[in-house]
Amino acid sequence: MSFAPKLALAALISFGGAAQALPVLASSDANGWALSSSASAVTASAADGAITGEALRFTGNSDSAATRQLGQAVSASRVVVQFDLQFDTGSVDTNDFLGLWLGSSTGPNIGLKGNCDGAAACNGNGADLFVRTTGTSGSFSTPIVVGQTYHLFGLLEKVNGSVNYNRYSLWVNPTGAEMAGLTGADAVFSDNSGISSFSTIGFRSVNLDAGDAVLVDNLSISTVPEPATAALAGLALFGVAVASRRRTR
């Protein structure tokens, strides 16, 4: 098989995969963010471990600690959000909060909410990482350790015919297979967000005490094609490559 059909076949397989994402935003530093007095751009040190280079550092409290406008409105039925998070200094207390919001500070959130907000029954018994589509609670996973970096991977969806986002799934330090297949989520929250699209994102920080600092790095947002649409796109690409091969024989 010539190079073009091989490439097209690889694309077909890739397009058929559940997590073949189309990028909306990739930002490992503070470029493009409007920062409040609660957030700053810093250069990570060796002590910050997996957080490297320029990162966002949150030390105070604000519903709009850091905000930015996306280059386009996002309304896809499946959206992948991922970033690295580290509670850098201080102590993780009940309801210490840093959430990445989509659309508004009360919209879909993913991030840190210390000790399950004190909930009596909690996934992981004192878990600190959460996801929610709306409200003030959430679904939780993973008690965190100060100074350790965690990779948060979220899938925001419109399911069961909803026009609004109504399910948000969270993976903490997912495997490549989990990210590719969108399987094995650590926490899932289902409720109508009231939001069908968003063009603004931001970080909300609450209850961070003096001495607390949270680092965020390597944020990306992508849309995920529906499997049927992705497969058709792959087939079309494969057909073009085969036709090209026939013309060059």
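In segment 75-98, which residue that is within 12 Å of residue 208 (Cβ to Cβ) and open to solvent by less than 10 Å² (accessible area, probe 1.4 Å) is farthest from the chain's Cα centre (by Cα)?
Once the filter is applied, the top-ranked residue is 96.
State all residues of segment 150-170 that are more than 19 Å from residue 76 (Cβ to Cβ) and open to solvent by less than 30 Å² (accessible area, probe 1.4 Å); if no residue qualifies, say none.
Listed by number, the residues that qualify are 150, 152.
Please go through segment 120-136 and pick out each residue that is surrounded by fewer than 21 Cβ atoms within 10 Å (Cβ to Cβ), of a type in the set (S, T, N, Q) and in contact with a strand residue (DSSP E or B) (Cβ under 8 Å, 6 or more places away or on another chain).
123
Is it the case that some residue within segment 108-119 is open to solvent by 10 Å² or more (accessible area, probe 1.4 Å) and in contact (Cβ under 8 Å) with a residue 60 or more places away in the chain?
There is no residue in segment 108-119 that is open to solvent by 10 Å² or more (accessible area, probe 1.4 Å) and in contact (Cβ under 8 Å) with a residue 60 or more places away in the chain.
If I filter segment 205-249 down to residues being modelled with pLDDT of 50 or more and either of a type in the set (Asp, Glu) or open to solvent by 60 Å² or more (accessible area, probe 1.4 Å) (or both), which single residue comes out as nearest to residue 97 (Cα to Cα)?
Restricting to residues being modelled with pLDDT of 50 or more and either of a type in the set (Asp, Glu) or open to solvent by 60 Å² or more (accessible area, probe 1.4 Å) (or both), the top hit is 207.
Given (1) within 13 Å of the chain's Cα centre (by Cα); (2) at pLDDT 95 or above; (3) not basic (Lys, Arg), identify the lone condition not met by residue 164.
So residue 164 meets the others, but not (1).
Residues of segment 76-94 being polar (S, T, N, Q) and either farther than 23 Å from residue 171 by Cβ or in contact with a Phe, Trp or Tyr (Cβ under 8 Å, 6 or more places away or on another chain) (or both), which ones?
Residues satisfying the conditions are 82, 86, 89, 91, 94.
Does segment 159-174 contain any residue that is of a type in the set (A, V, I, L, M, F, W, C) and more than 22 Å from residue 219 (Cα to Cα)?
Checked segment 159-174: at least one residue is of a type in the set (A, V, I, L, M, F, W, C) and more than 22 Å from residue 219 (Cα to Cα).
Look through segment 171-185, keep the residues that are open to solvent by 30 Å² or more (accessible area, probe 1.4 Å) and touching a helix residue (DSSP H, G or I) at 6+ places or on another chain (Cβ under 9 Å), and return whichever of them is nearest to residue 148 (Cα to Cα).
185
The values are calculated or read from the model by the stated rules, or taken from the named source; none is laboratory data. All figures in this text were calculated on a predicted structure; none of them were measured in a lab. Glycine gets a Cβ as well: all are built from the backbone with ideal geometry, and neighbour counts include every protein chain shown. Ligands, DNA and RNA are stripped out before the accessible areas are found, and what is left, the full protein with its side chains, is counted by its heavy atoms. Shrake-Rupley method; radii C 1.70, N 1.55, O 1.52, S 1.80 Å.
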